[in-house]
Structure formats: C-alpha cells, structure tokens
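Report on the following structure.
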Amino acid sequence: MNEARHDRYSLILLISLIVFLILSAFVSEHHVLGDVVLAVSIYGTLVIGTLELSQKRNWRWPGTLLAGISMMIMLVHFFYPGRLLMVANWIFLAAFLGFVSVALFSYLGLPGSVTSGRLYGLVSLYLMLGVFYFAIFNLLETVHPHSFMETASWSPHEVSRHSLLYLSLITLTTLGYGDIVPVTPSARLVAALEATTGVLYIAITVARLVSAYQKEDKK
C-alpha cells in the first residue's frame, strides 16, 4: 500500500509539473494575478507531493516554511511592486525548488525495485531542475537587467519570463537553438552549469536504473 501511495504521488507530481509548464505559456506577462494563481497552485502540489515522497519526515517543515515565505513575498509584491521584493521572491523560489529537488532525489536514491512511481519521479525531478534554473535566470535578470538577450531582436527590452523558461528547458536538454543567449559572465556560468546538470542527470539516471535492474535479476 505504501508503494502504491508513492506511485500515486509521483504521478500527481509529474502531471502537475507538465500542466504548469503548458499553462505558463498562455499566461500573459501583463496579467500578474494569473501568474500568482498559477504559482500558488504549483506550490501546493510540490509541497504535498514531493515532501510526501521523501522518507525524511523532518524535511516537511522547512519545505513548507520556504513555500510560505515565497508565496507571502509574491502576494506582497502583487500589491506593492518593487525590485527588492522581486529579487527576494526569486531567491526564495529558487531555494524552495532546490529544497524539494533534494527531497525528491533522496526518495529516488532509496534501495528497492524500479517501479512506475520511481520512473515518474525521475521525469518530475528532471523537469523540476529546469524550473529551478528558470528561477535562477529570473533572479539574474532582475539583479542585472539584460543578462540575457534574444538574438532575433536586438532590442534593449528585458527578456520575458516565458523566454527564460524556454531557455532553461532547452539548456537543460543541451539543445540550444541560439535564439536566446546569456550575455553577462554570471549568466553564462549558470547556463553552463545547467547544461552540465542535464548531461550528468541523464548519465547518473541511466547508471542507477541499470544497477537496479541488475540487482533485481540476481534475486
């Protein structure tokens, strides 16, 4: 029953991340309320789903606290827009996403057979890494405007959040069309780290899956 519950939470987490990525493409940059509703909905799923999968029960309070602080800052920024609040928002969002990524990784690293829930969790963690770096990109762009530039239009305007999410996902997969590029040294470093993360994640995941299957065959 415990394994079935984990499989269910893993599937819910994966579906919620996919829905979040799809819906984020249709939320206008000028409709802040839509951003808030979308963000709050993903917070709840990440807290409940990911921390439920983690075997370290004492991780729930720090994860919930990070989510609460981030949501509070987001709501305050909605009513009182300011650059400092925006910086704080991206910092706590990145911290929260990094925390739940570690929590999910701890669940996936537990000994045991490769179940459908673990496969769902592997895909969820991969997508979550993309969202984590998306938050980092936004933090860099907020602290240092024009850290990224769209090569299709060399305009002085800041790159949109939609473009940064797209950049994060294609960088994680090392696809890199080159239509959006990091300009500042810090942005280039973070982009390189994300590409390295994507490559290492695939290599480590394949190695662990093969090892798990080999252990099952020996039983």
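Quick notes on this structure:
- Scanning the stretch 122-166 for residues that are surrounded by 20 or more Cβ atoms within 10 Å (Cβ to Cβ) and at pLDDT below 85 turns up just one, Val159.
- Complete set of residues in the stretch 102-147 that are within 20 Å of Ala207 (Cα to Cα), of a type in the set (S, T, N, Q) and assigned to a helix (DSSP H, G or I): Ser106, Ser116, Ser124
- Any chance Leu169 is at pLDDT below 90 and either assigned to a helix (DSSP H, G or I) or in contact with a helix residue (DSSP H, G or I) (Cβ under 8 Å, 6 or more places away or on another chain) (or both): no
- Within the stretch 163-186, the set of residues being of a type outside the set (A, V, I, L, M, F, W, C) and within 12 Å of Phe137 (Cα to Cα) comprises Ser163, Tyr166, Ser168, Thr171, Pro182, Thr184, Ser186.
- Given (1) of a type outside the set (Phe, Trp, Tyr); (2) farther than 22 Å from Leu169 by Cα; (3) modelled with pLDDT of 80 or more; (4) touching a Gly at 6+ places or on another chain (Cβ under 7 Å), number of the condition Leu65 does not satisfy: (4)
- Inter-residue pairs, beta-carbon under 9 Å, first touching a residue at least 40 places away in the same chain (Cβ under 8 Å) and in the stretch 78-89, second surrounded by fewer than 10 Cβ atoms within 10 Å (Cβ to Cβ) and assigned to a helix (DSSP H, G or I), 6+ apart: Phe78/Leu33
The values are calculated or read from the model by the stated rules, or taken from the named source; none is laboratory data. All of these numbers come straight from a predicted model, not from anything done at the bench. In this analysis, Cβ positions are derived from the backbone assuming ideal geometry, glycine residues included, and neighbour counts consider all displayed protein chains.
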